[in-house]
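The values are calculated or read from the model by the stated rules, or taken from the named source; none is laboratory data. This structure is a prediction, so every number in the text was calculated from the model and none was measured. When we count neighbours, we look across all protein chains shown, and the Cβ atoms used for this are built from the backbone with ideal geometry, even at glycine. All accessible areas refer to the heavy atoms of the entire protein, side chains included, with ligands and DNA or RNA removed. Shrake-Rupley method; radii C 1.70, N 1.55, O 1.52, S 1.80 Å.
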Amino acid sequence: SLAGCVLGGTARGPAQLVAANGCSGLGAAGQLSFGIVVGELVPNRMRGPAVSLVFLSSLPFAVFGPVVARSLILAGEPERGDGDGSSWGGGWRWSYYMGAALNVTSLVLYLFLYHPPSFSQLHVGRTRLQQARELDWVGIFLFVVGCVLFLVGVSWGGSTYPWGSAQVLCPLLAGIAVVVVFFVWGKQRERPHPLPFLSQGTF
């Protein structure tokens, strides 16, 4: 994520921005594990409130982020400068500068304040290879592919392509079909369901 912010803040063309946002997206996916991190740092009875508090910390960015981002973009428009974002001390590039500052701060706090138990402490008598072998890789693959295909269809529908077009219907229906296969696969497995909460009647 930090590398993506650096690439975005120094971008000189669309290709570099695409690479920057790709890195930021991968970093954000990893950062979503904060719920697990918080769960290791607080007592069990405090996990719910602690995770909720961390989620609430993103509320100002979710509410005011688009407004701030638009202001930064407008500040770098041609009539206000040379159009490359260099006006107003950086223009739209401040979206990446702020991200870089937050990532550096988080990285420092993570390195110096987060000291979780080691793998051997958590899994006595078991190796990483044994743990990996017990994962339902097929189930994980089916679930991820199904969700991605479905979400691609939903995101394209009505914006990039018409809802009734093949470009929307194909990933949408394929995603639904793969998710159905995922549930069938999970029911036939002797091992626990790859997503236990789904097998407990949550839905």
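A compact table of results
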| read-out | value |
| --- | --- |
| Candidates per chymotrypsin sites (Phe, Trp or Tyr not before Pro) in the range 95-127, loop by DSSP, up to 13 other Cβ within 10 Å | 114 |
| Which of 106, 174, 127, positive extreme of dipole for the chain (C-beta unit charges) | 127 |
| Sites residue 123 and residue 160, calculated FRET efficiency, Cβ-Cβ separation with R0 45 Å, nearest 0.05 | 0.50 |
| Length-normalised contact order for the chain - Cα pairs under 8 Å, 6+ apart - percent | 14 percent |
| HN-Hα J in Hz across the range 17-29 - Karplus 6.51, -1.76, 1.60, θ = phi - 60°, x for Gly and Pro | 5, 4, 4, 4, 5, x, 5, 5, x, 5, x, 5, 4 |
| Gap separating the Cα centres of the range 169-191 and the range 4-20, nearest whole Å | 37 Å |
| Heavy-atom surface of the chain, accessible at 1.4 Å and reported per residue (Å²) | 69 Å² |
| Per-residue ³J(HN,Hα) for the range 168-182, Karplus 6.51 cos²θ - 1.76 cosθ + 1.60, θ = phi - 60°, Hz, x for Gly and Pro | 8, 5, 4, x, 5, 5, 5, x, 4, 4, 5, 5, 4, 4, 4 |
| Length released on extending from residue 147 to residue 64, taking residue separation times 0.36 nm less the Cα-Cα span | 27.0 nm |
| Charge dipole (debye, nearest 20) of the chain; +1 at Cβ of Lys and Arg, -1 at Cβ of Asp and Glu | 560 debye |
| Solvent-accessible area of residue 73 with every protein chain in place, 1.4 Å probe, in Å² to the nearest 10 | 100 Å² |
| In Hz, Karplus ³J(HN,Hα) per residue of the range 139-148 (6.51, -1.76, 1.60; θ = phi - 60°; x = Gly, Pro) | x, 4, 4, 5, 5, 5, 5, x, 5, 5 |
| FRET efficiency estimate (nearest 0.05) - Cβ-Cβ, residue 29 to residue 132, R0 25 angstrom | 0.80 |
| Per-bin percent of Cα-Cα distances, the chain [10 Å] | 7, 19, 28, 28, 14, 4, 0 |
| Helical contribution to [θ] at 222 nm, DSSP H n ≥ 4, -39,500 (n - 2.57), averaged over the chain, rounded to 500 | -21500 deg cm²/dmol |
| Under-5 Å amide H pairs with residue 123, H placed in peptide plane, nonlocal only | none |
| Area accessible to solvent at residue 93, 1.4 Å probe radius, in Å² | 20 Å² |
| Sulfur and carbon atoms: percent of accessible area, the chain [1.4 Å] | 71 percent |
